[in-house]
Amino acid sequence: LLCAACPNQILGELAIQMRNRVSYIAIDNQTSRDRLVACTAEHRAIVECMAQSDALGAEEATREHIQRLWESTFRRFNQSA
């Protein structure tokens with residue numbers, strides 16, 4: 001929905017393409033329930049900032065989400081090695 005609402009169609013399409021390319025790595029059958037719950041809370045924080053027109057808060061929440069997702073994914077790959 002966020003990508004579809006983006007006033008820049010190309011940017012919205014790029015965001016969808018990026019999500020499609022990394023989603024199979026970020027969340028798979030090894031992803032813990034706790035991480036899924038945390039991920040949902042992180043998404044909610046981003047959307048809440050956006051709903052309040054808090055661009056800086058949304059940016060920070062997005063950066064934190066990406067960092068946590070990267071750390072979680074990296075830990076999973078290290079455990080399976």
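The values are calculated or read from the model by the stated rules, or taken from the named source; none is laboratory data. Values in this document were obtained by computation on a predicted structure and should not be read as measured data. No Cβ is skipped: glycine too gets one built from the backbone with ideal geometry, and neighbour counts run over all protein chains shown. Protein only, heavy atoms only, side chains kept; ligands, DNA and RNA dropped before computing areas. Shrake-Rupley method; radii C 1.70, N 1.55, O 1.52, S 1.80 Å.
Which one is modelled with the lowest pLDDT, of the residues in the range 28-45 that are open to solvent by less than 80 Å² (accessible area, probe 1.4 Å) and not in a helix (DSSP H, G or I)?
28
Kindly provide the set of residues from the range 46-62 that are open to solvent by 40 Å² or more (accessible area, probe 1.4 Å), more than 9 Å from the chain's Cα centre (by Cα) and either of a type in the set (D, E, K, R) or within 17 Å of residue 3 (Cα to Cα) (or both), ordered by number. If you could, list the steps in order and put the result at the bottom.
The first filter runs over the range 46-62 and keeps only residues open to solvent by 40 Å² or more (accessible area, probe 1.4 Å), leaving 47-48, 50-56, 59-60, 62.
Going one step further and asking which of them are more than 9 Å from the chain's Cα centre (by Cα), we end up with 47-48, 50-56, 59-60.
Passing the criteria: 47, 48, 50, 51, 53, 54, 55, 59, 60.
Scanning for something within 10 Å of the chain's Cα centre (by Cα) and either modelled with pLDDT of 90 or more or in a helix (DSSP H, G or I) (or both), does the range 1-17 turn up at least one residue?
Within the range 1-17, the first condition is being within 10 Å of the chain's Cα centre (by Cα), and the residues that meet it are none.
No: the range 1-17 contains no residue that is within 10 Å of the chain's Cα centre (by Cα) and either modelled with pLDDT of 90 or more or in a helix (DSSP H, G or I) (or both).
Looking only at the range 50-58, decide whether some residue is at positive phi and either at pLDDT 90 or above or out of contact with any His (no Cβ under 6 Å at 6 or more places or on another chain) (or both).
Residues of the range 50-58 at positive phi: 53.
Restricting the remaining residues to those that are either at pLDDT 90 or above or out of contact with any His (no Cβ under 6 Å at 6 or more places or on another chain) (or both) gives 53.
Yes, that holds for at least one residue.
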